[in-house]
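Below is one structure, written out as structure tokens; comments come after it.
Any read-out appearing in this document is the output of simple, stated calculations on the displayed coordinates, not a laboratory observation. Since the model is a prediction, treat every value here as computed from it, not as a measurement. Using ideal geometry, Cβ is built from the backbone for each residue, glycine included, and neighbour counts are taken over all protein chains shown.
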Amino acid sequence: MPTVVLACALSVLAGCSSDADTPAREVELGTSQPSEPSPSPTESEDPAGEADDEGHEIYPGRVAVKDDERQAVADAWIAYWQTRFDAFAGPELDPAALGEVATGKAAEQVIAYVRYLQDEKLYTRGDAVIAVGAVRITGRQATVRSCAQNWSVDVKQGNDRPTEPLNPFYTFRGVLSGHPTAGWWRTRSA
């Protein structure tokens, strides 16, 4: 079963492009000052270093958003991927952590893949850089266009050998459900 870890295209190196008609601002995830630029994969401020084929970290790439509401969606999207990577690295499911970031098919995918990894005596190793190119909000639903540069693969427990070839780039679309006025979002499909 191929790893369903991420999605991205070569455009990740420049970040996902945003809608050409609307100027977007580039922001660093998790900051309260959206005018600050986001770090590139080589400029990560994380003390652990840059993304690589060890560990299971999600590093934010370029995040093109138009306002704080879309920033909250982008933050929730990145949090979902970190929780997903944490679960696959064990592989071990943390239901409370998953419930904070996912619902519906997105949660079911993580649960099923953790079970698969456990049954096959595998785990996922490696980091990813995720960029968000566009966020569209309609009521209590948000759609995210995203891409990633990927260093993660499934490996066999014990000998730590990869069981699949590396797929270095992905593009993907996610759907989140939320309560915009309360400021919370959960990934519904990825």
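Work from the charge dipole of the range 58-189 (Cβ charges, +1 for Lys and Arg, -1 for Asp and Glu, about the Cα centre) and give the residue of TYR170, TRP151, VAL114 farthest towards its positive end.
Going by the charge dipole, the pick is TYR170.
Extension gain ALA96-GLU69, at 0.36 nm per residue separation less the Cα-Cα distance, in nm? Intermediate results must be reported in sequence, preceding the final value.
On the way: separation 27, 0.36 × 27 = 9.72 nm, distance 2.45 nm.
The span from ALA96 to GLU69 would gain 7.3 nm if fully extended.
Out of residues 5 or more away from SER189 or on other chains, whose amide H comes under 5 Å of its own, with H placed 1.01 Å from N in the peptide plane?
Result for SER189 returns ALA106, VAL175.
Quick one: which residues, 5+ away or cross-chain, put their amide H under 5 Å from the amide H of ASP52? H built at 1.01 Å from N.
Excluding prolines and chain starts, which carry no amide H, the hits are ASP127.
Can you compute 3J(HN,Hα) from phi for each residue in the range 154-168, using the Karplus curve 6.51 cos²θ - 1.76 cosθ + 1.60 with θ = phi - 60°, rounded to whole Hz and x for Gly and Pro?
Computed from phi, the couplings for the range 154-168 are 7, 10, 7, 5, x, 9, 6, 8, x, 9, 7, x, 6, 10, x Hz.
Would you mind counting up the charge near ALA106? Only other residues with Cβ under 11 Å from its Cβ, with Lys and Arg at +1 and Asp and Glu at -1.
Values: positive: ARG84, LYS105, ARG186, ARG188; negative: GLU108.
Once positives and negatives cancel, what remains is +3.
At a Cα cut-off below 23 Å, give the lysines reachable from LYS121, other chains included and same-chain residues fewer than 8 away excluded.
LYS156
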